[in-house]
Amino acid sequence: MHDDLIALIDRFSQIGSTMDGGVRRLTGSPEDGAARTLFAQLATERGASVITDAVGNMFATFPTAPDADTTVLCGSHLDSQPTGGRFDGTLGVLAALDAAAALLAEGTPLRHNITVVNWTNEEGARFQPSLTGSSVFTGKYTADFALGLRDRLGTSMGEALEAIGWLGEDSLGLTPVHNLELHVEQGGHLEESGVQIGAVTASWGVRKLTLSFVGAPSHTGPTAMPQRRDAMRAAALAITRFHDQMEAETARLHWSAAKIVAEPDSPNVVASRVTVYFEIRNPDQAVCTEVGDRFMQAITKDVAALGCAIDVATDEARPGTPLSAEGVGMTLEAASALGLSATPMLTITGHDALALAAVMPSTLVFVPSVGGLSHSPLELTHPQDLRNGGAMIQALLRRLTA
Ligand SMILES: [Zn+2]
């Protein structure tokens, strides 16, 4: 008898567990390696063959249609934020594993195989950009680009994956006909509306604007104040302006300036280059663009007055992506058949399912997050909601492979 979904989640939450009840499993870390090893072992025990591609994406194919060269992809990610919760990503991989194993065990031949996937570096915590593995799979990024991404200590993603033994060379070898992902909502919509299942129709757009403020290095003691070109001060001014402006905008926005990298990073040198990661989100990408442009205009003069320049390190638009309309319909039907309440909804956050939607029909299903909290050790989805999600994945895989 195999562990049920809740027991599986408990096992993974011990890998990289933190004192405050969360998990820390950064891509390419020993904890990521341990989670990968356990996933491969559990999938193999349940009858899957596991392969790893050039960027560490893991594909565990359950031969539910041994004569077919087609498969349904179902999975999520096992990496986490530094302050990750137990369910973000892990739920999607383990619900897929549990459901695929159950369908294989029934022994009825299906129309397609089922491939449970662990996508590499979904979180983008250690290596940016996020959604790395799934975006290489779709051809948005090359494997060389992804493997060359460096963390703040200069280690590349390729080196990190190789160090933990999870740099592969295989390719899927089957034609995927549909992608399915279960995820915790990471927002409060389902909980507030008292609905059990979210059928995600599309994502909000986001503008990811990474700006480097460029000044000049000099001693923090003797350098005369008017001579300083202080990139930290320019960054501080920009961050303050950013929040003030976003608060005053009339559009419904979610925004952040969440990461800062200072160079040369010494308390005794005036910062010469400070890079800030800004994000602006709205259902409509055009709004993100306009608001971001207004922000750039608003800070350019004042940053120049501090003797600093602005270098646009990256300016990435991720427009709202529609998911499979057929998948949304199927999700609502499957929920109704299981006696669960369900609603169509948008996602504010990025997911591998959105990356995959570029190349195949892709379906994303949400279960509630208590308090809408995520990327936090306090992230929580109740056991019954986890089970509901697992039942939904099994029901949807059944429909997609029948
Ligand atoms: Zn996630």
Checklist entry - Taking the stated definitions as given, is T223 surrounded by fewer than 16 Cβ atoms within 10 Å (Cβ to Cβ), modelled with pLDDT of 95 or more and either polar (S, T, N, Q) or outside any helix (DSSP H, G or I) (or both)? => result no
Item to check | Selected residue (only one of I393, I348, I310 is under 30 Å from F213 (Cβ atoms), among the β-branched types (V, I, T) and at pLDDT 95 or above) | outcome: I310
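In the set T61, T70, which member is over 29 Å from S156 (Cβ atoms), more than 21 Å from the chain's Cα centre (by Cα) and open to solvent by 10 Å² or more (accessible area, probe 1.4 Å)?
Values: T61 fails: over 29 Å from S156 (Cβ atoms).
Within the list T61, T70, the selection yields T70.
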Checklist outcome for this item: In the stretch 147-184, residues that are away from the ligand (no atom under 16 Å from the Cβ) and either over 23 Å from A65 (Cα atoms) or under 18 Å from the mean Cα position of the chain (by Cα) (or both) total 23
Checklist entry - For the stretch 160-169, which residues satisfy the criterion of being open to solvent by 70 Å² or more (accessible area, probe 1.4 Å) and either touching a residue at least 40 places away in the same chain (Cβ under 8 Å) or more than 24 Å from L38 (Cα to Cα) (or both)? => result A163, E169
Item to check | Residue tally, condition under 20 Å from A355 (Cβ atoms) and in contact with a Pro (Cβ under 9 Å, 6 or more places away or on another chain), over the stretch 22-57 | outcome: 1
Checklist entry - Residues of the stretch 226-272 being over 29 Å from the mean Cα position of the chain (by Cα), hydroxyl-bearing (S, T, Y) and surrounded by 13 or more Cβ atoms within 10 Å (Cβ to Cβ), which ones? => result S272
Next on the checklist: Going residue by residue through the stretch 359-370, is there one that turns out to be part of a loop (DSSP other than H, G, I, E, B), among the hydrophobic types (A, V, I, L, M, F, W, C) and either within 21 Å of L5 (Cα to Cα) or more than 16 Å from the ligand (Cβ to nearest atom) (or both)?
Outcome noted: yes
Checklist entry - Yes or no: A317 within 28 Å of E106 (Cα to Cα), surrounded by fewer than 16 Cβ atoms within 10 Å (Cβ to Cβ) and modelled with pLDDT under 95? => result no
Checklist entry - Out of all the residues in the stretch 294-307, is one or more touching a residue at least 40 places away in the same chain (Cβ under 8 Å), in contact with a Leu (Cβ under 8 Å, 6 or more places away or on another chain) and closer than 30 Å to M392 by Cα? => result no
Item to check | Residue tally, condition open to solvent by 10 Å² or more (accessible area, probe 1.4 Å) and part of a helix (DSSP H, G or I), over the stretch 371-402 | outcome: 14
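The values are calculated or read from the model by the stated rules, or taken from the named source; none is laboratory data. Just so we're clear, the structure is a prediction, and the values are computed from it rather than from any experiment. Neighbour counts are summed over all protein chains in view; Cβ atoms, including those assigned to glycine, are modelled from backbone coordinates with ideal geometry. The area values use the complete protein model at the heavy-atom level, side chains included, leaving out ligands, DNA and RNA. Shrake-Rupley method; radii C 1.70, N 1.55, O 1.52, S 1.80 Å.
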